[in-house]
Amino acid sequence: MAKTYTPEEIEQQRANVAAADAAAAAERKAAAMAVLQPFLDAGWGSSSETSPIRTAIKVAQDAAHTLQAIDPTTANLMFSMAMPMVTADDKIRTLAAMNAPSPAEA
């Protein structure tokens with residue numbers, strides 16, 4: 001015969017599941033942030049316009065045409081490289097925001 005749970009027991013089980021879910025989510029976020037940390041330390045994902053990555057992207061986009069006189073293939077390389085760098089920078093920033101501890105977890 002199946003056990004009949006009281007409302008208090010049901011609520012306690014819900015609280016236990018919610019606590020376990022929150023702990024697992026915090027653990028996943030911490031693991032993700034550990035993976036992202038070297039990228040963040042290098043300047044990837046920064047919202048600062050003066051971060052090293054943003055500066056490199058800006059130089060590649062703004063000054064690459066000046067390389068044309070020296071070597072046309074290098075200018076093309078700079079243009080080709082800039083957009084993937086922008087995309088990667090945005091993605092790292094998004095992943096860091098998604099996995100940052102919430103104020104309650106901090």
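The values are calculated or read from the model by the stated rules, or taken from the named source; none is laboratory data. The shown structure was predicted, so the numbers you read here are calculated from the model rather than taken from an experiment. Cβ coordinates were reconstructed from backbone atoms using ideal geometry, including for glycine residues, and neighbour counts include every protein chain displayed. Side chains are part of the model used for accessible areas, which takes the heavy atoms of the whole protein and leaves out ligands, DNA and RNA. Shrake-Rupley method; radii C 1.70, N 1.55, O 1.52, S 1.80 Å.
The number of residues in region 43-101 being assigned to a helix (DSSP H, G or I) and either closer than 23 Å to ARG28 by Cα or among the basic types (Lys, Arg) (or both) comes to 14. The residues in region 36-92 that are open to solvent by 60 Å² or more (accessible area, probe 1.4 Å) and of a type in the set (Lys, Arg) can be counted, and the count is 2.
Counting residues in region 40-49 that are within 30 Å of ASP21 (Cβ to Cβ), modelled with pLDDT under 90 and of a type in the set (D, E, K, R) gives zero.
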